[in-house]
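Asker: Quick one: the structure is below, and I'll ask about it shortly.
The values are calculated or read from the model by the stated rules, or taken from the named source; none is laboratory data. Source: prediction; values computed, not measured. Because the Cβ atoms are built from the backbone with ideal geometry, glycine has one as well, and the counts that use them run over all protein chains shown.
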Amino acid sequence: MQPDELIIRLQQKDQKAFQEIYTMYSMSIFGVINSIVRDSSVSEEVLQDVFIKVWDNAGSYNSKKGRFFTWMLNIARNASIDKLRSKSFKNQKKNLTEEYFVDILETKNNFSSKIDAIGIKKYIEKLEPICKKVIDLLFFKGFTQKEASEELDMPLGTIKTRNRICINKLRTILNP
């Protein structure tokens, strides 16, 4: 079955189409969530929330505004960031083990594995280094634009402009 047909059936609340979409996309979406949240059990919870949102909001998806997978990625990214910012998540992470911090230090610059999780590594690798850094911080590490500005020691307006330019360059690479 073609993805377009599945999406139409999903929008009509067809549970079998939903199951097929879940099977097709859940691993990739989980990879993105886990790269932001960095906790498998919490990532599984967020994944469930994401697919509930996909089910509930499927009618709002418009193929003229972008690809279905990108639409789902945005839902996943936003849900992950919301989870990170939630008070319960912050309280849960107050007493972390040293292994968690060692893992963060070891993978802090492991941009490659994160972008590989959703299959766009070959496209992002074509971008200039500043674009790789901006996309990594904003989309894969869940930084706000203000936090990215501080991390990269750049003015907030520059980060916003770079983000827009870099995303447009990525779109050009993806849709030549």
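Asker: In this structure, does residue 61 turn out to be over 23 Å from residue 121 (Cβ atoms) and either touching a His at 6+ places or on another chain (Cβ under 6 Å) or touching a residue at least 12 places away in the same chain (Cβ under 8 Å) (or both)?
Answerer: yes
Asker: While we're on this one: Got a sec? Which of 38, 9 is basic (Lys, Arg), surrounded by 15 or more Cβ atoms within 10 Å (Cβ to Cβ) and touching a residue at least 12 places away in the same chain (Cβ under 8 Å)?
Answerer: Answer to the check: 38.
Asker: Do you know which of the residues in the stretch 58-95 that are among the basic types (Lys, Arg) and part of a helix (DSSP H, G or I) is modelled with the lowest pLDDT?
Answerer: Applying the filter and picking the extreme gives 90.
Asker: Against the condition under 15 Å from the mean Cα position of the chain (by Cα), of a type in the set (Lys, Arg) and surrounded by 13 or more Cβ atoms within 10 Å (Cβ to Cβ), how does residue 160 come out, does it pass?
Answerer: no
Asker: Taking the stated definitions as given, is residue 26 hydroxyl-bearing (Ser, Thr, Tyr) and surrounded by fewer than 20 Cβ atoms within 10 Å (Cβ to Cβ)?
Answerer: It is true that residue 26 is hydroxyl-bearing (Ser, Thr, Tyr) and surrounded by fewer than 20 Cβ atoms within 10 Å (Cβ to Cβ).
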